[in-house]
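The values are calculated or read from the model by the stated rules, or taken from the named source; none is laboratory data. The structure displayed is predicted, hence computed values, not measured ones. Note that each Cβ is placed from the backbone with ideal geometry, even for glycine, and that neighbours are counted across all protein chains shown. Side chains are part of the model used for accessible areas, which takes the heavy atoms of the whole protein and leaves out ligands, DNA and RNA. Shrake-Rupley method; radii C 1.70, N 1.55, O 1.52, S 1.80 Å.
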Amino acid sequence: MRTLRMPYGAITAWFNGRMVAACVALVLLLGIATLPSTSRAQTLRIAMLGDSITAGYGLKPQEALPVKLEAALKAAGRDIAVVNHGVSGDTTAGGLARLDWMMGDKPRLVLVALGGNDALRGTDPAETERNLDAIIAKLKAEGAAVMLFGMAAPRNYGPEYTKAFDGLYPRLAEKHKIPLYPFLLDGVAMERELNQADGIHPNVKGVDILVTRIAPAVLKALDALK
């Protein structure tokens, strides 16, 4: 029987062709593996910019307001990720200073829940209003939608301070044409069984009530996104 011999050059060409084809296939497979999934691409990111109430002071990480809000929104059928940008003790000035860092997450909607520590420190309401005004304006300039959460001044500061502080939130919401949730702690503030021992920060039960009240308003804000 005659043995067929393939010229060396032909063998090399055949081998190289196979290697090129294998490399191309590998590159294509790796490219497909690294593409974001359809579900991930559709996930809408919300950032909650706040202080200790947002951060979940005194609670386990999974008990924080943004985490439970995300769960409620998902239960409502929304593909949502709520990113916790709460810093305990933060003021409106601090929130303004860390906006660029927060926007690295590229949120489509930002829930601004700041001002409580300004009031506790007796900050001039005009300064708080300027800071929040700058926060909202910068977020909108970055292409993010904004929802504002109001806070309330301690009532022992007197009627003049209370009126000036409490009134700044509806003024800003009207100025910037953004949705306003009038009082972040509505239904929980001053309720002993819904707060931790300090009487300021919600406990787990208190957070659950906040989420029940807040979620419908956030869903409405989401529906208004363009």
Practice prompt. Find the residue count for region 53-75, including only residues that are open to solvent by less than 30 Å² (accessible area, probe 1.4 Å), over 11 Å from ASP208 (Cα atoms) and either in a loop (DSSP other than H, G, I, E, B) or modelled with pLDDT under 95 (or both).
Written response: 1
Discussion item. Take the conditions out of contact with any helix residue (DSSP H, G or I) (no Cβ under 7 Å at 6 or more places or on another chain), aliphatic (A, V, I, L, M) and modelled with pLDDT of 95 or more and apply them to MET19. Does it pass?
Written reply: no
Item to complete: Tell me, yes or no, whether region 197-215 has at least one residue that is more than 21 Å from ALA55 (Cβ to Cβ), in a loop (DSSP other than H, G, I, E, B) and open to solvent by 20 Å² or more (accessible area, probe 1.4 Å).
Response: no
Item to complete: Check whether at least one residue in region 193-202 is without any contact (Cβ under 8 Å) to a residue 40 or more places away in the chain and under 24 Å from ASP105 (Cβ atoms), and report yes or no.
Response: no
Discussion item. Whether any residue in region 91-100 is farther than 28 Å from LYS226 by Cβ, touching a residue at least 40 places away in the same chain (Cβ under 8 Å) and either part of a helix (DSSP H, G or I) or open to solvent by less than 20 Å² (accessible area, probe 1.4 Å) (or both) is what I want to check.
Written reply: no
Worksheet item: Looking only at region 76-90, which residues are among the charged types (D, E, K, R) and either assigned to a helix (DSSP H, G or I) or buried (at least 17 other Cβ atoms within 10 Å of the Cβ) (or both)?
Response: ARG78, ASP90
Worksheet item: Given the structure, is ILE136 under 16 Å from GLY95 (Cβ atoms), hydrophobic (A, V, I, L, M, F, W, C), in a loop (DSSP other than H, G, I, E, B) and touching a Leu at 6+ places or on another chain (Cβ under 9 Å)?
Response: no
Worksheet item: Does GLU142 meet the test of being under 24 Å from VAL207 (Cβ atoms), open to solvent by 60 Å² or more (accessible area, probe 1.4 Å) and either without any contact (Cβ under 8 Å) to a residue 60 or more places away in the chain or in contact with a helix residue (DSSP H, G or I) (Cβ under 8 Å, 6 or more places away or on another chain) (or both)?
Response: no
Item to complete: Tally the residues that are part of a loop (DSSP other than H, G, I, E, B), open to solvent by less than 30 Å² (accessible area, probe 1.4 Å) and either over 12 Å from VAL211 (Cβ atoms) or in contact with a Ser or Thr (Cβ under 7 Å, 6 or more places away or on another chain) (or both), restricting the search to region 170-191.
Response: 2
Worksheet entry | region 103-122: number of residues that are surrounded by fewer than 20 Cβ atoms within 10 Å (Cβ to Cβ), within 16 Å of the chain's Cα centre (by Cα) and either outside any loop (DSSP other than H, G, I, E, B) or free of Cβ contacts under 8 Å to residues at least 24 places away in the same chain (or both) | 3
Worksheet item: Say we look at region 151-166 and pick out the residues that are touching a helix residue (DSSP H, G or I) at 6+ places or on another chain (Cβ under 8 Å) and surrounded by fewer than 22 Cβ atoms within 10 Å (Cβ to Cβ); which of these is farthest from LEU44 (Cα to Cα)?
Response: TYR157
Practice prompt. Filter region 123-139 for residues that are under 17 Å from GLU160 (Cα atoms) and open to solvent by less than 40 Å² (accessible area, probe 1.4 Å) and give the result.
Written response: THR123, PRO125, THR128
